[in-house]
Each structure stands twice: as structure tokens, then as C-alpha cells.
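Reading through the C-alpha cells given below for one structure.
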Amino acid sequence: MATKAIDPSDRYTKVAVILHWLIAILIIGQLAGGIYMHNLPATTWKFEIYQWHKSFGIMVLLLSLARLGWRLTHKTPALPDGMKGWEKLAARFTHIAFYFLIIAVPLAGWLMVSASPYDLPTVLFKLVPWPHLPGIPQDAALEGIFKELHEIMAFAIIGLLVLHVGAALKHHFINRDGVLTRMIPILSKRG
Ligand code: HEM
Ligand code: HEM
């Protein structure tokens with residue numbers, strides 16, 4: 001069942017496409033890395049992996065803030081007219097929830113390490129010392145709350161990602177409406 005195609009000139013800017021894919025790749029790496037490092041024995045390797053996780057995580061935070069700035073100052077392309085009301089609602093909900101989570105997850109990570117009584121330093125990419133968030137008391141119970149939030153919200157990203165990718169593939173292979181190609185412009189150039 002084909003949904004009415006979208007106007008191909010109604011597209012995302014290059015900045016939006018680059019930010020979308022850069023953040024998506026980093027987040028998928030962070031999810032895999034986070035799950036991997038969770039059960040490692042306490043060795044220098046674990047400490048090193050944590051430093052990389054924190055470095056790329058802070059990158060996600062900064063890129064996501066830039067992306068939110070872009071989003072609030074630009075119009076995004078319209079969804080296809082043929083989409084049902086609930087489908088449009090689900091798409092909007094998923095996108096808003098993603099914007100919240102791509103900022104809240106790294107922020108909870110930063111809050112967690114700032115509240116840790118171990119007071120471990122964060123050095124981004126072995127080069128740039130990164131401060132703890134100011135005003136956060138170093139307290140194990142508080143650290144535990146941020147850790148829990150970080151984990152739950154990271155798993156919420158995985159849930160949304162399944163829905164999001166499922167929807168993108170349905171648009172491409174069933175509706176054939178150009179929604180995926182406007183986020184991967186190279187696909188439309190191949191005709
Ligand atoms: C979008 C970015 C991020 C994603 C998707 C992500 C995801 C994850 C996941 C899935 C875990 C394993 C679950 C767990 O152990 O509780 C984890 C653990 C962890 N994350 Fe992140 N994270 C991100 C950013 C950050 C940032 C920015 C920091 C700190 C500056 C951070 C610090 C940590 C720490 C310290 C742990 C280990 C917690 C423990 O000891 O159990 N994360 N992260
Ligand atoms: C964790 C990874 C991802 C996140 C956080 C994410 C987030 C988002 C957000 C927030 C939007 C809305 C654009 C905006 O309003 O600025 C969007 C659009 C889109 N994403 Fe993702 N995405 C991810 C991964 C993917 C993947 C793997 C695919 C493809 C298989 C994909 C395909 C799309 C498409 C086609 C759109 C355009 C929807 C439209 O035109 O209405 N995304 N994504």
C-alpha cells in the first residue's frame with residue numbers, strides 16, 4: 001500500500017543529516033561499549049574503556065545540544081500526507097523522546113561520575129581534562145540514582161531505536177515514499 005510520496009525539495013539540510021548520522025553512530029557505539037564494559041573486572045583496561053566511554057559520551061552531549069539548537073531554529077520537512085493520524089503522532093513522539101534522551105543519557109552519565117565518592121577524573125581522549133558538574137555532592141546514594149537513570153534511559157533508547165528503524169524500513173520498502181532517502185540522500189542519487 002503506497003503512501004503519497006513526499007515533495008523531494010522538502011528536505012533536511014546537510015547539517016541536520018550529518019548530525020543525525022554522527023550522533024546515531026556514536027550512540028550505537030556507546031550502547032554496545034556500555035554493555036560490554038559493565039561486567040569487566042576492575043583492571044586498568046576497564047578504567048581505560050570507561051575513559052573512552054566518557055569521552056565519546058560527552059561528544060554526544062555537545063553534538064546533541066548543537067542539534068537541538070538547529071532543530072529549534074529550522075523548519076523540518078513535512079511527513080507524508082498519506083500517513084495515518086496515529087502514525088504521525090507516533091513519529092512526533094519518537095523524535096521528541098529521542099531529543100530528550102540523547103541529552104539526558106549523557107547528562108545522567110556526567111552527573112553519575114560527578115557524584116561518585118571515588119572522585120575519578122575524566123580526561124577526554126587522553127588530552128582534555130573534563131570537570132565534574134559543579135554543585136553536585138559526592139554521595140554514593142546520589143551516584144546510585146544517576147547510575148540507575150543512566151541505565152534505564154540508555155535502554156529506552158534501544159527500545160525507541162527498534163521502533164524508529166522499523167518505521168524507516170516500512171517507509172522505504174512498503175510505503176516507498178522517500179522518507180528514508182531524505183535522511184540518506186545518497187540513496188536518491190542512485191535513483
Ligand atoms: C549517549 C551517550 C551514552 C550512552 C548511550 C551510554 C550508555 C551506557 C550503557 C548502556 C551503560 C551500561 C549500563 C550500566 O552499566 O549501568 C553505561 C555505563 C556507564 N556510563 Fe554511559 N552512556 C553514555 C554517556 C556517558 C557519559 C557522558 C558518561 C560520563 C561522563 C557515562 C558514564 C558511564 C559510566 C561511569 C558507566 C558505568 C556504570 C557502572 O559502573 O555500572 N556515560 N553507559
Ligand atoms: C540512536 C540512533 C538514532 C537517533 C537518536 C535518531 C534520531 C532521530 C530524530 C530525532 C529524528 C527527527 C529529525 C528531526 O526532527 O531533527 C530522526 C529522523 C530520521 N531518522 Fe533517525 N535516529 C537514529 C538512528 C536512525 C537509523 C539507524 C535510521 C535508519 C535505519 C534512521 C532513520 C531516520 C529517518 C529516515 C529519519 C527522517 C524521518 C522524517 O523525515 O520524518 N535513524 N532520527
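Odds and ends about this structure:
- LEU79 falls short on exactly one of the conditions (1) among the hydrophobic types (A, V, I, L, M, F, W, C); (2) touching a Leu at 6+ places or on another chain (Cβ under 8 Å); (3) farther than 30 Å from LYS126 by Cβ, and that condition is (2).
- Of everything listed in (1) touching a residue at least 12 places away in the same chain (Cβ under 8 Å); (2) within 12 Å of ligand 2 (Cβ to nearest atom), the single unmet condition for LYS147 is (2).
- Some residue of segment 127-141 being β-branched (Val, Ile, Thr) and under 30 Å from THR13 (Cβ atoms): yes
Results for (1) farther than 24 Å from ALA24 by Cα; (2) free of Cβ contacts under 8 Å to residues at least 24 places away in the same chain, shown as yes or no for each residue.
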site: PHE98; (1), (2): no, no
site: ILE102; (1), (2): no, no
site: ALA115; (1), (2): yes, no
site: TYR118; (1), (2): yes, yes
site: PRO121; (1), (2): yes, yes
site: LYS126; (1), (2): no, no
site: HIS132; (1), (2): yes, yes
site: GLU151; (1), (2): no, yes
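- Among the residues making up segment 29-46, those that are without any contact (Cβ under 8 Å) to a residue 12 or more places away in the chain and either more than 9 Å from ligand 1 (Cβ to nearest atom) or assigned to a helix (DSSP H, G or I) (or both) are ALA32, ILE35, HIS38, LEU40, PRO41, ALA42, THR43, THR44, TRP45, LYS46.
- Meets criteria (outside any helix (DSSP H, G or I) and among the hydroxyl-bearing types (Ser, Thr, Tyr)) for TYR99: no
Laboratory data are not the source of any read-out in this text; all were calculated from the coordinates shown. Keep in mind it's a predicted model, so treat the numbers as computed, not measured. For neighbour counting, all protein chains shown are included, and Cβ atoms are generated from backbone atoms with ideal geometry for every residue, glycine included.
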